[in-house]
Structures are given as structure tokens and as C-alpha cells.
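Note sheet for the following structure.
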Amino acid sequence: MKAKKLAVKAVQVASIAALVAAASVAQARTMVYVSNADSKEIYVMQFNPKNGNLTLVEQVPTGGTVMPLAVSPDRHRLYASLRSQPYSVTTFAIDQQDGKLKALTTTPLADNMANLRTDKTGRYLLAASYTGHKISVNPIDALGVVQEQGVMVTPTGKNAHQVITDPSNQFVFASNLGSDVILQFRFDAATGKLTPNTPPSVATKAGAGPRHFVFDPHARFVYSTNELDSTVNSYRYDASQGTFTLVNTISAVPAGYKGETPAAADIHLTPNGRFLYASERSSSTLAAYRVNAKTGALTLIGNYPTETQPRGFNIDPQGKYLMAVGQKSNALTSYTINQKTGVLTPLQHVPMGKNPNWVEFVELP
């Protein structure tokens, strides 16, 4: 009888635990943050993962021309680069219940920074300056606040545009759009120090202009947009050496495009690594590609009209929806991603502030 009672109690405890877990999942929120450069604000929106809809939560003033954003690994902090003088970064606390932002402090940066990213530990903020031709590493304290003291500044070639660590946090890469190279560094996660790797860079085609790049989920391949000829490069990644080897190059502009000079911009992979998307600003389109899991080569799925001058976009953490913003249309369009084909279907059109340019998703607990 005692054993039976214990068994019933165990079932009851398990049931309660399951209900608590289910409630936790039900209460979990996914937020979308969009920086609006010219209206100097960040839109905070709640994302519904069941239907892809967005609901505006608040509009947060930044006091400066806000562009690239970065999220801490623990998702408790949002970092916003202010590209009007004085050049700086604002650290925002992300409320873990409703996703709202609270400005903690604004810290000077070494220059006008076109890109921000933390390392994998969240102890350092990496930044790239397009106009200043440099990258920097700022310490982040235990409270997640960017520090001015202890910064490392490294001169680069012309027009540094993005800087990120590899998934292992042992290497750092920085695109130099004006010099047609991606710089390769070794990264000391204990000190934040960068040292040139061997070789110190990988070159693109002359005049290509490497801009943004992304690692596949298994750190086997890297994909990069080339802004000036609107192409996408596929690289094989040697994770032990921290080096790129070119696999192939494919166009990002629609076939027969005859408009303004092409200008590829952002690039993102679905979380499962099956589909890749790149934004092309001159044609105001999104290029969709199927990824060859064995070779990393890309096959075009199609080019899809989107918001005018789509500098930034992103994909939700489940890989089911894509959100693209237009710098000249001042709006966002969301799309469903066909899980079998990668095809994009427009879902929702949402007004933004002036010059929206960056999109970040954050899953809250």
C-alpha cells in the first residue's frame, strides 16, 4: 500500500512538473528589436511564433543615430551603436518578463562603428569602423556593461564592415570592403587580444567588396555578401586553423536586372543551415539559396521583392519566419519560410520609424 501511495505521489509530482514546464513554455516570449537611424529610436515588438505576427510594445529613444545592434549571449543586454557624434554604444537591459529596454549607460567607442558583436563569453564587445578603417575590442563587466578602459584598437585595411568570432571563440574575422579582403585573427578570450593569423587574410575578387558574413551551424562553411558586385561567396572553414577557402560565388541580383549599381547587404542562414538569404538594396530584393550540406555550395531558389533598400533583415530562432526592413520605405515586411523549399511568402507589413536598418530576435526565458 505504501509503495502504491508513493507511486501515485510520484505521478502527481511529475504531472505538476509537466504543467509548470508547459506554463513556462507558454509564457516564454520572443522579441524583435529594430533600430531606426533617423528617428533615433529602437522599436520593441513582441513576436508570435505561431503565426509570425508582430505587436509593438514600445519605442525607445536613443539620443543618437542608432544603427547596428548586438545581443549578449545570455540575452540580458542589448548593445546599440550610435553613429552620430560623440560615437558611442548604449548598453540596454532587456526586461526578462516583457522584453522592454532600460538604458544603463552610454560608453564612448573608438570611432563610428558600422557593426557590433560580442564574443561567445559576453566579456568583450567587438566593433568595426567603416569610415575609420579599424576594429576595436572593449571589455564588458560582470553586469554586462561596456567599458571604456582597456579597449584594444587594431588598424585594418580600407572600410572595415563586420567583425565576429568563430563558434569556438578562438578566432576573429573582419571584412574590409574597400581592400577586398577578410582579415583573419587569433583571439585570446582571456585578455581580448587579437593577433594576425597565418595567413592574415583571405582575398575576394578585385572590386567585390566583402561586407557581412555568417557561419553555418556546424562551423564547416562561411557565407559572405560582396556589396560592390552583389555576389555571395561560399567558403570552407578550417575550424582548427581559423581560415577560409573559397568554394563558389553566386549572384544576389535578379536575372536581367538593369537598375542602379548593385549593393548587396545583409546575410542570414536558417538555424538548420538548409537555406541562406541575402538582401540586395539596389533592386530591393531578397535572394534565397539552397545550401548543399556536403560541399557548402549554393543554388538559387529565387529573388523576392521586399521593402525599399533592405539594409537589414533577420530570421526567427525557429527558422520559420524572416523579417526585412527598408531604409527608404520606413517599414518592415515579414515572410513565412517554406520549410521544404525555402520559398518566401509575404505575411505582414508593419510601419517602422525613419530609416530602419537592423533587426534582432531575442528569445526570453
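The values are calculated or read from the model by the stated rules, or taken from the named source; none is laboratory data. Everything numeric here is computed off the predicted structure, so don't read it as measured data. Note that we place each Cβ from the backbone using ideal geometry, even for glycine, and neighbour counts take in every protein chain shown. In case anyone asks, the SASA skips ligands and DNA or RNA and just uses the protein heavy atoms, side chains included. Shrake-Rupley method; radii C 1.70, N 1.55, O 1.52, S 1.80 Å.
Computed quantities for the displayed model
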{"quantity": "Rounded if a/c under 1.5, otherwise prolate or oblate - segment 320-365, Cα gyration tensor axes", "calculated": "oblate"}
{"quantity": "When segment 77-190 is reduced to its Cα atoms, the Kirkwood hydrodynamic radius in Å", "calculated": "14.3 Å"}
{"quantity": "Cα gyration tensor, segment 287-333 - rounded (a/c under 1.5), prolate or oblate", "calculated": "prolate"}
{"quantity": "Distance between segment 118-152 and segment 222-292 - C-alpha centres, whole angstrom", "calculated": "27 Å"}
{"quantity": "Equivalent ellipsoid dimensions for segment 24-141 as semi-axes, Å, which come from the Cα gyration tensor, largest first", "calculated": "26, 16, 12"}
{"quantity": "Most to least accessible of M152, M323 (protein chains only, probe 1.4 Å)", "calculated": "M152, M323"}
{"quantity": "Label point distance in nm, A293-T195, each placed 7 Å from Cα along Cα→Cβ", "calculated": "3.9 nm"}
{"quantity": "Accessible surface of V66 - all protein chains present, 1.4 Å probe, nearest 10 Å²", "calculated": "0 Å²"}
{"quantity": "Å² per residue, accessible surface of the chain at 1.4 Å", "calculated": "43 Å²"}
{"quantity": "Accessible surface, 1.4 Å probe, highest first, among residues H349, H212, H133", "calculated": "H349, H133, H212"}
{"quantity": "Orientation-averaged projected area, Cα convex hull of segment 217-314 (nm²)", "calculated": "6.1 nm²"}
{"quantity": "Selection from A37, T261, Q170, by position along the positive dipole direction of the chain (Cβ)", "calculated": "Q170"}
{"quantity": "Among L300, L183, L69, residue whose mean-square fluctuation peaks in a GNM of the chain (springs only between Cα atoms under 10 Å)", "calculated": "L300"}
{"quantity": "Of all accessible heavy-atom area on segment 118-157, the percent that carbon and sulfur account for (1.4 Å)", "calculated": "55 percent"}
{"quantity": "Carbon and sulfur %, accessible surface of segment 208-365 computed with the full protein complex present, 1.4 Å", "calculated": "52 percent"}
{"quantity": "In nm, spacing of pseudo-spin labels at E363 and T345 (7 Å Cα→C-beta vector)", "calculated": "2.4 nm"}
{"quantity": "Sequence of H218, H76 when ordered by accessible area, the most exposed leading, probe 1.4 angstrom", "calculated": "H218, H76"}
{"quantity": "Solvent-accessible surface (1.4 angstrom probe) belonging to K205, in square angstrom, nearest 10", "calculated": "150 Å²"}
{"quantity": "Under the Karplus curve 6.51 cos²θ - 1.76 cosθ + 1.60, θ = phi - 60°, whole-Hz ³J(HN,Hα) for segment 183-193, x wherever Gly or Pro sits", "calculated": "6, 10, 10, 8, 10, 8, 5, 7, 10, x, 6"}
{"quantity": "Cα-centre dipole for the chain with unit charges at Cβ (Lys and Arg positive, Asp and Glu negative), debye to 20", "calculated": "1120 debye"}
{"quantity": "The chain: C-alpha gyration tensor shape, a/c 1.5 cut-off, then a/b vs b/c", "calculated": "rounded"}
{"quantity": "Once exposed loop GluC sites (Glu not before Pro) are cut out (DSSP; at most 14 other Cβ, 10 Å), longest piece of the chain", "calculated": "1-147"}
